[in-house]
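Shown next, in structure tokens, is the structure this report addresses.
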Amino acid sequence: MSGFQAPRGMRDLFGADAAAVAAVERAAYAAAEAAGYQRIISPIAEESALFERGIGGSTDVVAKELYRLTPHAEDSTTLALRPEATAGILRAYIQHGMRSAPQPVRLVTVAPFFRHDRPQKGRYRQFTQFNVEAIGDAGPGIDVEVIELGASFLNQLGLTGVEVHFNSVGCSDCRPAYAAALRAHFAPIEGELGEVDRTRLRDNPLRLLDSKDAAVMRRAESAPALPGHLCDACAVHADVVRAGLAVAGVKVIESPRLVRGLDYYNRTAWEYLLPGEEGQQGALGGGGRYDGLAALIGGGPTPAIGFAIGVDRVVHALHDRKIEIRAATQPLTVICGIDEGSIGARIRLASLLRAAGSAARADVTPRKIGKQLEGASRDGAVAVIIVEPDGRYSLRAMIDGKQEEPTDEASVLRAVAALVKRTERRA
Ligand code: AMP
């Protein structure tokens, strides 16, 4: 027997857990695609330099959590498993000249990401994110669109009460003065800082607002807030976003020290939080504007904004609240039979039903008919068809036990379609 286990922080999902993740993924694509976002499927690894330059060397995600792959002897670059979506998607936008398409380019992906974090409930080394990116538009309107999209997605899943915490993190014009104010604020506790936080104090004091060190967190509570340091253009942008969200029905909670974990954000930054959750569990997702990222990774100036919502955390939240997300499955037909001679006919009928747009499976086990019917009932089938040894069919409606005997495959298909309609009317 093998003693292998799934890697620490990486899970096998099956049964109800896998179904829940898949259902959230389907709902995410449906919500984004209905709003005009198109799928992008990008590689799970990129050159590690893309993340180092794009996300920032002093962020936890790059400094501590990046999975770098050992390069093969003939390769000149080191690859890393992607810790987030934005840098790779923007790299794709630049590489494929999406700039010449109508702007903004709206993209969506639901995919796995990797961070060498300390695992706990809701924090994994491989996790799934629902990512939305709108690239190529600097105006505040797209900020409102993207923030509302994430909020209404969570709401429609049944996670009502999600809070949208909102801030503006300014731009390269107004941030230096804020960084200086923060540096002055944290300078008195410099001696208490660990090595990483001391480097942050020097190079990137905004990162201190994200620190998990108790002394830094205490000090952060009285840190100067960003909004007071914004330049006029950033302040106006934030006000237009706030006003748009209010009219669109998204209530925001001002969160003046929210900076988010990555360096590339400017102006709009927000998080979707579930109130009353311990630790990180309540952070369902977040996003921000990242107008400067394209230039950092070798593209021309390209304003953009996006969010990431953690699918694993959404699934936990739904589970904790006993909210079932219904998979939009089609009514199932099961085709049974007892003699081996009808196996081919059973499979063929199931395939024809599927080709006609129904869900169908053949029961090809050597079980008694009674057991096959039990299995069909357990799977929630609306119809069971028995292929008799002499090739005749009998069709049973599970909803009321009514039986009929269609004479050929075409009439089986018609009878199933009629039965599905009858069942739907009753439901
Ligand atoms: P971030 O990219 O760090 O802004 O994360 C966005 C969202 O992804 C978070 O709010 C979480 O819901 C989810 N997330 C981030 N890191 C993890 C992780 N290690 N495990 C599970 N979910 C995560």
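Residues of region 300-319 that are in contact with a Lys or Arg (Cβ under 8 Å, 6 or more places away or on another chain) and small (G, A, S): G300, A304.
If you go through region 116-138 and keep only what is near the ligand (Cβ under 8 Å from one of its atoms), assigned to a loop (DSSP other than H, G, I, E, B) and among the charged types (D, E, K, R), you end up with D117, R125.
The combined condition, being within 12 Å of the ligand (Cβ to nearest atom) and out of contact with any Asp or Glu (no Cβ under 7 Å at 6 or more places or on another chain), is not fulfilled by R321. Considering region 325-347, the residues that are in the same structural domain as G375 (by TED's automatic domain parsing) and among the charged types (D, E, K, R) include one that is nearest to the ligand (Cβ to nearest atom), namely R346. For beta carbons closer than 8 Å, sequence separation of 6+ or different chains, a first residue in region 147-166 that is farther than 17 Å from Y29 by Cβ and a second that is assigned to a helix (DSSP H, G or I) and among the charged types (D, E, K, R), the qualifying pairs are F166/R242.
The set of residues from region 19-44 being exposed (fewer than 13 other Cβ atoms within 10 Å of the Cβ) and either among the small types (G, A, S) or in contact with a helix residue (DSSP H, G or I) (Cβ under 6 Å, 6 or more places away or on another chain) (or both) comprises A34, G36.
Residues in region 291-303: is at least one within 16 Å of the ligand (Cβ to nearest atom), touching a residue at least 60 places away in the same chain (Cβ under 8 Å) and among the β-branched types (V, I, T)? No, the conditions are met nowhere in region 291-303.
The values are calculated or read from the model by the stated rules, or taken from the named source; none is laboratory data. From a predicted model like this one, the values you see are computed outputs, not experimental measurements. All Cβ positions, glycine included, derive from the backbone under ideal geometry; neighbour counts span all protein chains shown.
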